[in-house]
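The values are calculated or read from the model by the stated rules, or taken from the named source; none is laboratory data. Keep in mind that this is a model prediction, so the values were computed, not measured. Cβ: placed from backbone, ideal geometry, glycine included. Neighbour counts: every protein chain shown. For the accessible areas, the whole protein counts, side chains as well, though only heavy atoms, and no ligand, DNA or RNA atoms are used. Shrake-Rupley method; radii C 1.70, N 1.55, O 1.52, S 1.80 Å.
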Amino acid sequence: MENDILLKGDSLGPEYIFKTLNHKYGTWAYLVIDNLTLGPGKGGIRMTPNVTENEVARLARAMTYKNALADIPFGGAKSGIAFDPKNHTPAEKQEIIQWFAYQLKPFLIKHYIAGPDVNTTEIEMAQFVAVAGNQKAATGKPKSLGGLPHELGSTGYGIAEAAKIAAKFFGLNIKSAAVAIEGFGNVGTFVFKFLSEADAKIVSVSDSSGAIYDSNGLNYEEVVAAKKSGGSVTAYKNAQKLIGQKIFELDVDILIPAALPDVINENNVNDIKTKIIVEGANIPMREHIERQLEDRGILVVPDIVANAGGVISSYAEHCGYGEKEMFKLINEKISTSVQKVLEKAGKENKYSRETAKEIAALKLLKP
Ligand code: NAD
């Protein structure tokens, strides 16, 4: 399968694979540094019970492409710790992250800079740098440590920008374009917020409890309030409730998967009716599914182009920039890369991911 190639290696990487076992908890942890051509390997630390070396390697490769496309001087890397924080105390979670920071010391800053990912936040980044002994060993740190935490919404901001550029390219006015967003976590919330501010009409949003739909548009503040009071967006009043899966089949202008992998697949690909898909989540569908959709005239902005806001924010933090400069940088970089990929793919009649990888590969040629 297209996503299972990495541990064999190819001309891009991986350059280093480091794995280590924590004997106390029986926990394996992995760092894959995929490619260092453009700078130190950059990618977050994922803490999930079933994370594997291959998963980390795939994600590290995605970071190689993402950083090259965003034109930032970082290589691609990723870390994974096979640990379920839900079954442990915060003190145990801290112990594991700090043990991992100690293990990674020989790689830090020159070859690897950490960041938050699934189940790690600004709190863990603060704990990580305390052991690493250098603030530059991680990004996504709390503001009190000079950080630009991902909780500022950098990724969602970039995805909203990508959606605006894609709409323009497609000949669609973003004002009043009907948008559906799968997921209302860190990414989905901010995509909703920033697209609402651009006057797009968010007609549907979902979380793990289901989806809500209103053809006249949903109100951002009211969705936030519903989620807060009722624990789910489905607590929103005056909207139609749908099974979560139905969000992918809505007749909208822009569909933004922003939660889980593989949500568009063989089972629902023929039911997709949107004009544009902007991939907020990582790998929301496999490449052959993307190609089927593009063959039907649906415009797809791949994850490695659309969701680079988080790593651009990391770069801004690494340079010591403030919040305002960070958002400006994301705006410039995402607009440029989305436009470039869509134009080249259109001109050469190629798939957008294939085109994005070609653009990245040119930047990754070794001297
Ligand atoms: P998160 O944990 O903050 O939110 C996940 C959301 O998914 C939650 O709203 C949850 O309710 C929802 N969800 C869970 N099951 C669902 C279901 N069955 N149907 C619909 N929604 C469901 O995660 P996040 O940070 O928002 O990340 C989302 C995706 O974006 C992931 O693929 C992540 O890898 C990717 N991503 C995140 C960032 C970042 O900076 N946070 C950067 C790049 C890519």
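Points worth noting:
- Subset of segment 131-174 (residues that are under 13 Å from Ser314 (Cα atoms), open to solvent by 10 Å² or more (accessible area, probe 1.4 Å) and among the polar types (S, T, N, Q)): Gln135, Thr155
- Lone qualifier among Glu354, Glu358, Glu325 - being within 23 Å of Val263 (Cα to Cα), of a type outside the set (Lys, Arg) and not in a loop (DSSP other than H, G, I, E, B): Glu354
- Residue, farthest from Ala132 (Cα to Cα), within segment 85-100, restricted to residues that are among the charged types (D, E, K, R) and surrounded by fewer than 18 Cβ atoms within 10 Å (Cβ to Cβ): Lys86
- Qualifying strands (runs of 3 or more DSSP E) (wholly inside segment 175-256; at least 3 residues being within 13 Å of the ligand (Cβ to nearest atom) and within 20 Å of Ile272 (Cα to Cα)): 178-182, 201-207, 210-213
- Among the candidates Gly80, Gly44, residue that is among the small types (Gly, Ala, Ser) and out of contact with any Pro (no Cβ under 8 Å at 6 or more places or on another chain): Gly80
- Listed by first and then second residue, the pairs linking a residue in segment 120-140 that is part of a loop (DSSP other than H, G, I, E, B) to a residue that is of a type in the set (Phe, Trp, Tyr) and open to solvent by 10 Å² or more (accessible area, probe 1.4 Å), with Cβ atoms under 9 Å apart and 6 or more places separating them unless they lie on different chains, are Thr139/Tyr315.
- Residue in segment 117-131 that is of a type in the set (Ser, Thr, Tyr) and touching a strand residue (DSSP E or B) at 6+ places or on another chain (Cβ under 8 Å) present: yes
- Matching entry among Val269, Val338, Val278 (being more than 11 Å from the ligand (Cβ to nearest atom), more than 18 Å from Thr189 (Cα to Cα) and under 20 Å from the mean Cα position of the chain (by Cα)): Val338
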